[in-house]
1. What dipole magnitude, in Debye to the nearest 20, does the protein assembly as shown give about its Cα centre under +1 on Lys/Arg Cβ and -1 on Asp/Glu Cβ?
2. Using packing as a proxy for protection, rank B:103-113, B:213-223 so that the peptide with the highest average count of other Cβ atoms within 10 Å comes first.
3. Can you give me the C-alpha center-to-center distance between the range B:1-42 and the range A:57-117, rounded to a whole angstrom?
4. Quote the charge dipole size of chain B about the Cα centre in Debye, to the nearest 20; the model charges only the Cβ of Lys and Arg (+1) and of Asp and Glu (-1).
5. Counting other C-beta atoms within 10 Å, which of B:SER373, B:SER115 has the fewest, and how do the rest follow?
6. How high is the FRET efficiency from A:LEU12 to B:ASP372, r the C-beta distance, R0 51 Å, rounded to 0.05?
7. Which FRET efficiency, nearest 0.05, do A:HIS89 and A:VAL109 yield, Cβ-Cβ r, R0 35 Å?
8. Name the residues whose placed amide hydrogens come within less than 5 Å of the amide hydrogen of A:CYS130, ignoring near sequence neighbours (fewer than 5 apart) on the same chain.
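Here, each number is a calculation from the coordinates, and none is a lab measurement. The model shown is predicted, which means the values in this text are computed figures rather than measured ones. We place every Cβ from the backbone using ideal geometry, glycine too, and count neighbours over all the protein chains shown.
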Amino acid sequence: MVAKNPVRKTVLWSLLAGVAMFGFAMFVMPPLYDVFCEITGLGGKTGGRYAAEQPEVDQERVVKVQFVTTNNSAMPWEFRPLTDAVRVHPGESHKVEFYARNGTERDMVAQAIPSVTPANAAQYLQKTQCFCFDQQPLKAGAEANMPVVFFIDPALPPSVNTVTLSYTLFDVTDRQSAAVTARN
Amino acid sequence: MAHGPAKGIGRWLRATNHKDIGTMYLWFSFAMFLLGGAFAMVIRAELFEPGMQIIKPEFFNQMTTMHGLIMVFGAIMPVFVGLANWMIPMMIGAPDMALPRLNNLSFWILPFGFSLLAATLFMPGGGPNFGWTFYAPLSTTYAPPTVNFFIFGIHIIGASSIMGSINIIATILNLRAPGMTLMKMPMFAWTWLITAFLLIAVMPVLAGAVTMMLMDINFGTSFFNAAGGGDPVLFQHVFWFFGHPEVYIIIIPAFGVMSAIIPTFSRKPLFGYSSMVYATAAIAFLSFIVWAHHMFTVGMPLAGELYFMYATMLIAVPTGVKVFNWITTMFRGAITYETPMLFAIAFVILFTIGGFTGLMLAIAPADIQYQDSYFVVAHFHYVMVAGALLSSTAAVYYWIPKWTGRMYNETMGKVHFWVSFVAFNVTFFPQHFLGLAGMPRRYADYSLQFADWNMVSSIGAFAYGASQLLFLYNVIATIVAGRKVSDPKVWEGAEGLEWTVPTPAPYHTFSTPPAIK
């Protein structure tokens, strides 16, 4: 071969580029996408605990808020909203409760993950208190009512009249990872 | 020369000669083409009439998925790698590829990758049935148990592509004959250099996507599971970040083939060589920033839709430059219509039609109507079949005299061309109508109003499939009993280093680099 080193250099750079792109896909794209969704509210992800001052109540407008629950396929608990829907004025705080019962014969820990539909309403549903901020331990056979306190931001786009808040319940008994909680 | 080819099967198993490996790639891709084609025949047979006749819907889904995977990864990508192996060293005056052993490895893992993929059809649960785009959660939560074989198959195929591209980049950047500057390279070498960069950039992203699937399925992560804090839409972004450059990986080497064939039979140099190079590079760059036009309906901010719509339409500009240059090359040329030229002209016409339907699909508000309909199927078969496949067929007819020292039978070549040209259009043009009338893709059945055009389309597909057997016969007949040719310049209008070596090309060429004027 005429020159060995230039070939080796090209190969090393190409390999490096390939490995870097794999790393980009695996370790950069998912978090980047999460950040992007957090900014735009895409994908129905809601914000964390609302701590700032509550805005004024808009008495003119009524928004219907619906509640739905889903169990992850590996989750045997009974899980449902005690209220199916409420009508609220934007800016007005509301408390609703969700019922959960651990019908199994072992102590378990659950984690609820919220999601809002339509996606462009996600960043306007603010929770000041939510069972989804913490993990929920229930002893075998125990039941609990789990509260959510929320309000609708008056800046909610005028085209939105109905907001659906959905919770999916996960079994996290085996892996009480902080990562899942942190992502809400 | 130092030595000729080794005897027996060892010549192929331990092949390091770029011509031997090129030949194996070409035959392998043709075998995969026939396999993927057989799946297409099953699909068209089932869709011949409304209602369920031949296969079960579950198997139909496996057929559409496997047809797409085999054709994209098994037929079209390897055929161009085969052409690159054969032609690039001869075009740039190099004795062989830069990394001959890596070349052997990158070919020989392919049969294993595709065996893994095809074997799933015989396993409990059946083969992949989630479409060649394998969107999560269809390919994760609801996937058949064989999905892990699919994932490892894709890993192997991707590794092969990456090794092949590293080899091509190392060859082109380091082994050019002295005096051959980058801007003196034949277009085919240029298009492959750009394609190889695309492959290195996006095949690892595909590997990342299937690795995340693997982890979601087997190791309890939630990359694509909304309930675990992930998002299935993320899958679509990752996939199309790979997938859109992938369609240019498929078509850009075809541009290179066209830029070799059209000047030869027009007896004029390629018009606008440097604009061709820049246009190809521009297409490659744009391919990275338009991926979300495949997913206009997932829910995107208006600004996003507008951006991806306009950026996509921008690709028509460099593509238009290329089509303009080919037509201008032909303009007032002394054109003769041998089989490769017929395929090349058909490419220019049909690829342009495919490009125009692509522009229609780029319009975000219209795409909401067209998406997932047969209009999309018609569009991408006009660019994949009429683009990539016709051009690789043209390339085989164009270079086979150089490879074998024998001329194909011109009459048979022309018959092959006209049958495939007519059959292709009979198959896919009606699918535009079906799509605009609202027939969704990927279903085993359809409502009655779509019956007539589906029957026409199926008849065309059978004729197209049969014409490829004619192609196989042509190639074998040429190798076995074709008229011998010995002129180094098989075509009188051909230019380039590959036409300065004897015909048939000896086992070793350019052991001493040629002088470039």
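1. It comes to approximately 2780 debye.
2. Answer by packing, highest mean first, reads B:103-113, B:213-223.
3. 61 Å
4. 1620 debye
5. Ascending Cβ contact count within 10 Å gives the list B:SER115, B:SER373.
6. Plugging the Cβ-Cβ distance into 1/(1 + (r/R0)^6) gives 0.75.
7. Efficiency, from the Cβ-Cβ distance: 0.45.
8. Hits under the 5 Å cutoff: A:VAL149.
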